[in-house]
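The values are calculated or read from the model by the stated rules, or taken from the named source; none is laboratory data. Here the structure is a predicted model, which means the values were calculated and not measured. As a convention, Cβ positions derive from the backbone with ideal geometry for all residues, glycine included, and neighbour counts pool all protein chains shown.
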Amino acid sequence: MSAACQSSLSMTESNSSLGMSPDSSVTLECGIAAFGVANLTGELLASIRKSPEAHTAMPLAPSVARHCDEQTLAALFAVGEAMRKMKSTTADFEAWGIVASTRFIGRSFFAQSLEKFDREGPWNTSVQVVPHRSLHSTSSTISLAIGSHGPNVGVGGGSDGEGQALLAATSMLDEFNLPGVWLVLAGWTPELNVDASGAPTEECRCHALALALKPPRDVRGGLSFRIVPDHDAFEESVTSTGNSHSTSWLSLLTTLLHKELQNLNVIAPLCDGLRAELVWNSASSAAHSTTTSDQAASDLRAAS
Amino acid sequence: MSQRPAVWITGVGLTTSLGHRYDEFAENLLAGRSGIHRVERFNVDEHPSQIAGLAGDIHCPEGDDESQFASLLRLEQMAHWCGRTALSDAQLDTHGLRVGLILGMGAEWMQMWEPDRQRGGHRLRNAGLDDESVVTKAQRRLGLRGPTLTISAACASGNWALAEARRWLQLGWADVCLAGAIDNGVSPLSMAGFGNLRALSRKNDAPQAASRPFDKHRDGMVLGDGGALFILERETDARSRGVRGYAEVAGFAGTSDAHHLVIPCPEPAQGIAAMRQALHNANVGASEISYINAHATSTCVGDVGEARVLQAVLGNSVGDIPISSTKSMTGHLLSAAAAVEAAACLVALERQMLPPTINLYETDPDCAMLRHVPHHAVSHAVSVAVSNSFGFGGNNTSLVLRAVA
């Protein structure tokens, strides 16, 4: 963690008369020790649901997997893949934290549940809606599956939540002095639309990306990301730019890591006053070019 | 950072079954009034549990467009009311400030889809209609700029929101934060789901006696809705502005049971760890605690588990430190529970009075080692308050609030 830039408080008259002083802002950095990706059809999701341990190498009971949301299954698959790359077992993550960001979790099951409620009334309503379709359900299920006793939270939840997960994960890793944090992003492509019975109206794939984050000192090489205070951008912007920046971090990070585009560093706004920097830490002296998220998206499409 | 700056709470906005203003909430809390009634907002005749602590109609803040406010879904109204009143309470003009906005919400989309469908909407089926999240809309309506976050740790979400806000302020990522939690969890489907889990009290004939944490005759929790948002700022900034500090957010910790998604671990090692780590984070010894707002939801398993946590952490002080569960009056506000209970701790710190556990007539023998505050508020010197919040998914959190001089 390094002090990177100074912020200056800009107060209105009613506040400024009270003489707030400038305060230092801090850049946080995480190293990505490993990553796992899921890109799952309905058929594969059904297979994971039936035999979770065979697909994830985690001792999750089928009785739990049976009720999991599809995004949770994809998240478990991605974490399992990252664990395999790290040649680790679940025991190695006992003290890790977990931050999981899903998009519109439970849409299909919730539609089914409401239809059933209309038909059959409250006594036949499933007890699985709340435990498995809440924002924290994915992080909690990962915690259960790997036996992690570190903190676990769900973050975001909508189409604008992936950047929030980067904030929460870096902050968690720093605040609690953890050995690592699992950052998991999940969602449907295309976004899931359902009919009255909750069935998807078109073929969709469930995606997830799991990043094993560690303090930078514990990771050699590879991609790291930084959360950087961007006070100048905040000062320059007269009106809110909002926090729903169009960057799809799931897609961007997946492509960067999967294709090992090591000549590409990316700088992208996260929200008013903060930006993310994705930086390759390579032992080689290969030149890196730095680009914005929009340009990166274009470059990545070309690379694909 | 070698020395992390202290962070104060300088404003409160809330909406609960005990009131929509901090003072009203404080008076009802200390009077030991129950906010729990039979649900009238929708038909509950066929539900296992038919009672809840509802906040009622959410008020439109003075000066805002009432027709526009009425068009919002209830969860959006809660965010706006709590945010606006918290900003006003802190006498804060946010122009030019980076205001972090952190909302604890565990089931945002379900709580948008269900009422939207009741209104004849199609958001649930058509993803294209789910354009923005509540936090983004709230940020725009409140005219704020800065980082945002929606966070969920089930019933512990409010504690997480306050902790994250403190961290952002310490990192200099925001100048001020508006943080807390809201929940609109009293809906037909939610009441049915929790009811079928057998988590809810079925004392439908005696709503105000139904939520009875630590009592031998408890039979489950009672749902509630509402929430609380707080203004947090660095102590130096609050002092410079000359505003009232309700409390310092002094410590926090969170752990996971990794045991079961719904049932608390019978060996509450992680609950104990969370509370110990939070005290360590606040640099507070167990014997220095003046008051504990327990998570105690009025379920058989959960209350006993928490009593064991308290016994392990407090040791010889377990019979000395007063403990109450304000869910006996508010019901369980799910994602928003911890935020409202943080507000209850502020009341204890500010008024030097302990809110009671009502309906505690015959203490469960397994919880008898605790020093309860039954029925009536009592005067007590309070300098350090601890709020425990545990939740589905095995989430354990503890928040330490300290009086400011």
- Task: Kindly establish whether A:Glu81 is surrounded by 24 or more Cβ atoms within 10 Å (Cβ to Cβ) and more than 10 Å from chain B (Cβ to nearest Cβ).
- Result: no
- Query: Which one of B:Asn196, B:Asn281, B:Asn184 is polar (S, T, N, Q) and away from chain A (no Cβ under 11 Å)?
  - Reply: B:Asn184
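Would you please name the residue that is nearest to the chain's Cα centre (by Cα), looking only at residues in the range A:45-94 that are in a helix (DSSP H, G or I) and without any contact (Cβ under 8 Å) to a residue 12 or more places away in the chain?
Here the residue is A:Asp92.
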- Query: Quick one: in the range A:100-146, which of the residues that are of a type in the set (Lys, Arg) and in contact with a Gly (Cβ under 6 Å, 6 or more places away or on another chain) is nearest to the other protein chains (Cβ to nearest Cβ)?
  - Reply: A:Arg133
- Task: Could you tell me which of the residues A:Pro151, A:Pro122 is surrounded by fewer than 24 Cβ atoms within 10 Å (Cβ to Cβ) and not acidic (Asp, Glu)?
- Result: A:Pro122
- When you go through A:Gly221, A:Gly180, A:Gly157, A:Gly161 one by one, which is the residue that is more than 20 Å from B:Met110 (Cα to Cα) and either out of contact with any Ser or Thr (no Cβ under 7 Å at 6 or more places or on another chain) or facing another protein chain (nearest Cβ under 9 Å) (or both)? A:Gly180
- Would you be able to say whether some residue in the range A:126-137 is more than 22 Å from the chain's Cα centre (by Cα) and over 28 Å from A:Pro190 (Cβ atoms)? yes
- Under the condition of being more than 8 Å from every other protein chain (Cβ to nearest Cβ) and of a type in the set (A, V, I, L, M, F, W, C), which residue from the range B:136-162 is surrounded by the fewest Cβ atoms within 10 Å (Cβ to Cβ)? B:Leu142
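The rows are residues; the columns are (1) away from chain A (no Cβ under 14 Å); (2) farther than 21 Å from B:His280 by Cβ; (3) surrounded by 17 or more Cβ atoms within 10 Å (Cβ to Cβ).
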site: B:His295; (1), (2), (3): yes, no, yes
site: B:Gly302; (1), (2), (3): yes, yes, yes
site: B:Glu306; (1), (2), (3): yes, no, yes
site: B:Lys327; (1), (2), (3): yes, yes, yes
site: B:Pro355; (1), (2), (3): yes, yes, yes
site: B:Ile358; (1), (2), (3): yes, yes, yes
site: B:Glu362; (1), (2), (3): yes, yes, no
site: B:Asp366; (1), (2), (3): yes, yes, no
site: B:Leu399; (1), (2), (3): no, no, yes
- Task: Give the residues of the range A:163-187 that are touching a strand residue (DSSP E or B) at 6+ places or on another chain (Cβ under 6 Å) and among the aromatic types (Phe, Trp, Tyr), sorted by residue number.
- Result: A:Trp182
- Task: Exactly one condition in (1) touching a Lys or Arg at 6+ places or on another chain (Cβ under 8 Å); (2) touching a residue at least 40 places away in the same chain (Cβ under 8 Å); (3) among the hydrophobic types (A, V, I, L, M, F, W, C) is not met by B:Leu129; state its number.
- Result: (2)
- Query: Cβ-Cβ below 7 Å, separation at least six or inter-chain, first residue in the range B:342-359 and among the charged types (D, E, K, R), second at pLDDT 95 or above: which pairs?
  - Reply: B:Glu350/B:Tyr246; B:Arg351/B:Ala26; B:Arg351/B:Leu30
- Would you check if there is a residue in the range B:241-249 being within 11 Å of chain A (Cβ to nearest Cβ) and farther than 30 Å from B:Ala6 by Cα? no
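Do the conditions hold for B:Ala165, that is, is it more than 9 Å from chain A (Cβ to nearest Cβ) and of a type in the set (A, V, I, L, M)?
Considered against the rule, which asks whether it is more than 9 Å from chain A (Cβ to nearest Cβ) and of a type in the set (A, V, I, L, M), B:Ala165 comes out as yes.
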- Given the structure, is A:Thr170 within 7 Å of chain B (Cβ to nearest Cβ), among the β-branched types (Val, Ile, Thr) and over 15 Å from B:Asp257 (Cα atoms)? no
- Query: B:Gly106 fails exactly one of the following numbered conditions: (1) closer than 19 Å to A:Phe110 by Cα; (2) at pLDDT below 95; (3) not aromatic (Phe, Trp, Tyr). What is the number of that condition?
  - Reply: (2)
- Within the range B:114-126, can one find any residue that is facing chain A (nearest Cβ under 7 Å), under 23 Å from the mean Cα position of the chain (by Cα), crowded, with 24+ Cβ neighbours inside 10 Å and not β-branched (Val, Ile, Thr)? no
- Message: Taking the conditions exactly as written (part of a helix (DSSP H, G or I) and either in contact with a Leu (Cβ under 9 Å, 6 or more places away or on another chain) or of a type outside the set (A, V, I, L, M, F, W, C) (or both)), does B:His80 satisfy them or not?
- Response: yes
- Query: So which residues in the range B:4-49 are within 26 Å of B:Ala206 (Cβ to Cβ), small (Gly, Ala, Ser) and in contact with a strand residue (DSSP E or B) (Cβ under 6 Å, 6 or more places away or on another chain), if there are any at all?
  - Reply: B:Ser17, B:Gly35, B:Ser49
- Task: Go through the range A:183-197 residue by residue and tally those that are surrounded by fewer than 24 Cβ atoms within 10 Å (Cβ to Cβ) and more than 9 Å from every other protein chain (Cβ to nearest Cβ).
- Result: 2
- Message: Within the range B:176-289, considering only helices (runs of 4 or more DSSP H) that don't extend past its boundaries, which have at least 3 residues that are surrounded by fewer than 19 Cβ atoms within 10 Å (Cβ to Cβ) and assigned by TED's automatic domain parsing to the domain that holds B:Leu360?
- Response: B:269-282
- Task: Give, as residue ranges, the strands (runs of 3 or more DSSP E) completely inside the range B:295-405 that count at least 1 residues that are more than 24 Å from B:Ile263 (Cβ to Cβ) and of a type in the set (Ser, Thr, Tyr).
- Result: B:322-324
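Yes or no, residue by residue, for (1) charged (D, E, K, R); (2) surrounded by fewer than 22 Cβ atoms within 10 Å (Cβ to Cβ):
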residue	(1), (2)
B:Asp45	yes, yes
B:Ser49	no, no
B:Ala52	no, no
B:Pro61	no, yes
B:Cys82	no, no
B:Thr85	no, no
- Query: Residue check: is B:Asp89 crowded, with 16+ Cβ neighbours inside 10 Å and among the charged types (D, E, K, R)?
  - Reply: yes
- Task: Considering each residue of the range B:7-42, count those that are touching a residue at least 24 places away in the same chain (Cβ under 8 Å), more than 24 Å from B:Ile102 (Cα to Cα) and assigned to a loop (DSSP other than H, G, I, E, B), and give that number.
- Result: 9
